[in-house]
1. Can you work out which of the residues in region 34-48 that are under 12 Å from residue 106 (Cα atoms) and not charged (D, E, K, R) is nearest to the chain's Cα centre (by Cα)?
2. Do you know which residues across region 17-30 are part of a strand (DSSP E or B) and more than 15 Å from the chain's Cα centre (by Cα)?
3. Is it true that residue 19 is out of contact with any Pro (no Cβ under 8 Å at 6 or more places or on another chain), within 13 Å of residue 6 (Cβ to Cβ), basic (Lys, Arg) and open to solvent by 60 Å² or more (accessible area, probe 1.4 Å)?
4. Taking region 1-55 on its own, how many of its residues are closer than 20 Å to residue 82 by Cα and among the β-branched types (Val, Ile, Thr)?
5. Given the condition within 15 Å of the chain's Cα centre (by Cα) and without any contact (Cβ under 8 Å) to a residue 24 or more places away in the chain, answer yes or no: does some residue in region 82-100 qualify?
6. Quick one: how many residues across region 1-17 are in contact with a helix residue (DSSP H, G or I) (Cβ under 9 Å, 6 or more places away or on another chain) and under 16 Å from residue 91 (Cβ atoms)?
Amino acid sequence: QVQLVESGGGLVQPGESLRLSCAASGSISSIVTMGWYRQAPGKQRELVARITDGSSTNYADSVKGRFTISRDIAKNTVYLQMNSLKPEDTALYYCHSSTRYSRVYWGQGTQVTVSS
C-alpha cells in the first residue's frame, strides 16, 4: 500500500507561482512512477506531469515551459513547481503513483486557484 498526501495549493494571481508537494509513505520502494493530475469542475481529470524512477519526465502541452516536476528520494517527496500561472490552471491537483506491481494510488487533492 502507498499513501500520498499533497500540500502547497492556494489562491494566487495570474503570473505568480506555486510549488506543490506530494509526500509518499507505505511501500515506497515499490513506486516506479509518480505524477500530477488535475481536475476542474465539470471537466475530465487530465495528466499534468509525470516522472519515472529513471527520472524521465513528460508534461501536458498546456504546461510545458511553465511547470517542472522533480523528486527528492531522501524525503520520499515529489514536487510540482508551477510558474507563470494562468486562470486556466485552476483545478484540484492530485498526486498519482504507480508501482512495480502495476497498482495505482491517488492523493486526496490540493486546490489551486488562479484569479485576479
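The values are calculated or read from the model by the stated rules, or taken from the named source; none is laboratory data. Model, not experiment: these values are computed from the prediction. Glycine gets a Cβ as well: all are built from the backbone with ideal geometry, and neighbour counts include every protein chain shown. With ligands, DNA and RNA removed, areas are computed over all heavy atoms of the protein, side chains included. Shrake-Rupley method; radii C 1.70, N 1.55, O 1.52, S 1.80 Å.
1. My answer is 36.
2. 25, 26
3. Yes.
4. 6
5. No, every residue in region 82-100 fails to be within 15 Å of the chain's Cα centre (by Cα) and without any contact (Cβ under 8 Å) to a residue 24 or more places away in the chain.
6. Going through region 1-17 one residue at a time, the tally reaches 1.
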